[in-house]
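What follows is a set of notes on a single structure, which appears directly below.
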Amino acid sequence: MDTTIPPIYYITLLRHGESVGNADGYHQGHADFELTETGRLQARSLAKHWLTKEIQFDAIISSPLARACQTAEILVEFLPAPLEFDPLWMELNNGVLAGLKHEEATEKYPRPDFRNPYTPVGHTGESEWELYLRAGKAVQSLLYRPPGRYLVVSHGGILNMALRAILGITPQANWQGASFRFLNTTYAVVEYDPQRHRWEFDQFNNQVHWSADY
């Protein structure tokens, strides 16, 4: 009887801490907003929680955008692991909307009554379909690595598409279909057994580290 433990991928998908763009109501996308002090507190609280649980990672892969990068750098202070930056995990490129206040964007660029999944967001940005394909490539990039424990520090839009790519849920018109909530510094944990091509969802939107202090 073969009692060998199968090689498993343990992947934690984490949204960055609160950014200035989050707090002040901006469209972010590729606009490079830094963390607020609340966002830094969120990241430190999560790091301390994981430290007490003796959670470790073989590598931390982050979007290079400041809000994700700064979140990852805080985590590494508490949980030493190789830190890498991968543009595949950047947020949706939302074109001309990036850096605009929500009210200003609505006035300048009203949302069309109908949008198919191939329409670029913000006129010059990515379409939903392009984001879905990039998310699939980002997931594939994790599976090129040896089985292990990996933390991805990224953004709500691309993390949503990563889960949809894993589940085989393609984009629909008018942003319809499945949506997965990622609040600031909440995370999902998924496991993948490549020998059986079996994904398991272990945790989702975990916010156990949240504090009344922020």
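Residues in segment 20-39 that are of a type in the set (D, E, K, R) and within 18 Å of Trp89 (Cα to Cα): 2 in all.
Within segment 135-184, the set of residues being of a type in the set (Gly, Ala, Ser), over 23 Å from Pro120 (Cβ atoms) and assigned to a helix (DSSP H, G or I) comprises just one member, Ser141. Scanning segment 80-130 for residues that are of a type in the set (A, V, I, L, M), part of a loop (DSSP other than H, G, I, E, B) and surrounded by fewer than 18 Cβ atoms within 10 Å (Cβ to Cβ) yields a single hit, Ala81.
Could you tell me whether any residue of segment 32-51 is outside any loop (DSSP other than H, G, I, E, B), of a type in the set (S, T, N, Q) and under 30 Å from Trp199 (Cα atoms)? So far as segment 32-51 goes, yes, one or more of its residues are outside any loop (DSSP other than H, G, I, E, B), of a type in the set (S, T, N, Q) and under 30 Å from Trp199 (Cα atoms).
In the set Ala43, Ala23, Ala66, only one residue is of a type in the set (A, V, I, L, M), in contact with a Gly (Cβ under 6 Å, 6 or more places away or on another chain) and modelled with pLDDT of 95 or more; that residue is Ala43.
The numbered conditions (1) within 18 Å of the chain's Cα centre (by Cα); (2) under 19 Å from Val189 (Cα atoms) are all true for Leu133 except (2). Exactly one residue among Val208, Val189 is surrounded by fewer than 19 Cβ atoms within 10 Å (Cβ to Cβ) and either in contact with an Asp or Glu (Cβ under 6 Å, 6 or more places away or on another chain) or aromatic (Phe, Trp, Tyr) (or both), and that residue is Val189. When segment 47-79 is limited to residues that are over 15 Å from Val153 (Cα atoms) and of a type in the set (D, E, K, R), the one that is surrounded by the fewest Cβ atoms within 10 Å (Cβ to Cβ) turns out to be Glu54.
The values are calculated or read from the model by the stated rules, or taken from the named source; none is laboratory data. Here the structure is a predicted model, which means the values were calculated and not measured. Note that each Cβ is placed from the backbone with ideal geometry, even for glycine, and that neighbours are counted across all protein chains shown.
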